[in-house]
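Comments concern the structure below.
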Amino acid sequence: MKLIIGGVRGTSTVAQASFLKYGGETTSLLIEGRDGARIILDAGTGIQPLGDRLAADPADRRVLLLMTHYHLDHVVGLPSLGLIYDPAWHIRIAAPAHGEFDVGATMSRLMDKPFWPLQVSDLLARIQFDSLTCCPSPSVLRWGGFEVRCCPLHHPGGCTAYRIDEPATGASLVVATDVEWGESSPEERAALRSLCTTPRPASLLLMDAQYEPEEYEAHRGWGHSTWKEALEFADAVGAAQVRMIHHDPRKNDDALDRVNAKVVALNPAAALARAGEEFDLG
Ligand SMILES: [Zn+2]
Ligand SMILES: [Zn+2]
């Protein structure tokens, strides 16, 4: 299993030169299986380089797109993704419903008039929408050699954490973006712990760490965690590696370098994630 980071910036895209070490594109991750299966997680602006990578490889024109939730920073890259206009592609878009918002209706709304010149019904790729079940016990979605499980997260309007396992290699990845650990209920905490440890501790955990501990009180209720909470959580669930994601759009590379130094000093297997980074998980 390989992970390629298209973008991990939180909230909004930034493009100034002083932000580009960690990257300015918002959340989108590509997971490639040993058998060639591909999953994209979220469709922030970071989906553009990932879409180019898929388009350049004609071997398999199918991709599973998992959505954590529908806040704009996680969906805004979809309307300009070239693959959705290519009739050779089959794109399966899956997520649990958040309240009354199911994945098909919400993604169609994103491209509805007057926000975009073409609607979902105009797309040339074969688009399939799937509603997932995350709780009380997650169902398993199989995609190629991958197994996908999910659980709900504490975030305004709801959010979903995903675990992707590749049984053939034993590799596993958990993505928990847009989660406020400090306001999570005991049930929400238990569900994420279980996702990270069942059937075994994750090879890599990516977790929301938008704030410094001293910034949190001023942002309580905004839906995000601190790097200290992410480190403590990774330690508690025995994740082999951990990367902090959803970087604050007000923090440039110098500011994130200072946070990264504190993180690495406490856990050498942890760091702030950077756009363009690739991980070979086995
Ligand atoms: Zn976000
Ligand atoms: Zn959000």
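The values are calculated or read from the model by the stated rules, or taken from the named source; none is laboratory data. All values derive from a computational prediction rather than experimental measurement. Using ideal geometry, Cβ is built from the backbone for each residue, glycine included, and neighbour counts are taken over all protein chains shown. Just so you know, the surface numbers come from the protein's heavy atoms only, side chains and all, with ligands and any DNA or RNA stripped out. Shrake-Rupley method; radii C 1.70, N 1.55, O 1.52, S 1.80 Å.
Here are a few things to note about the model shown:
- Value of relative contact order over the range 148-242, rounded to a whole percent, pairs C-alpha under 8 Å and six or more apart: 29
- Anisotropy class of the chain from Cα gyration tensor, a/c 1.5 cut: rounded
- For the range 5-89, the gyration tensor built on C-alpha atoms gives a prolate shape. Its axis ratio a/c (a ≥ b ≥ c) is at least 1.5, and a/b is the larger of a/b and b/c.
- Proximal lysine pairs, the chain, alpha carbons under 20 Å, eight or more residues apart or interchain: 5
- For the range 54-94, the residues whose amide N sits under 14 Å from a probe point set 7 Å from the Cα of ARG126 along the beta carbon direction are 60-64, 86-93.
- The residues of the chain expose on average 41 square angstrom of accessible surface per residue, using a 1.4 Å probe on protein heavy atoms.
- Solvent-accessible area, 1.4 Å probe, carbon plus sulfur percent, for the chain: 54
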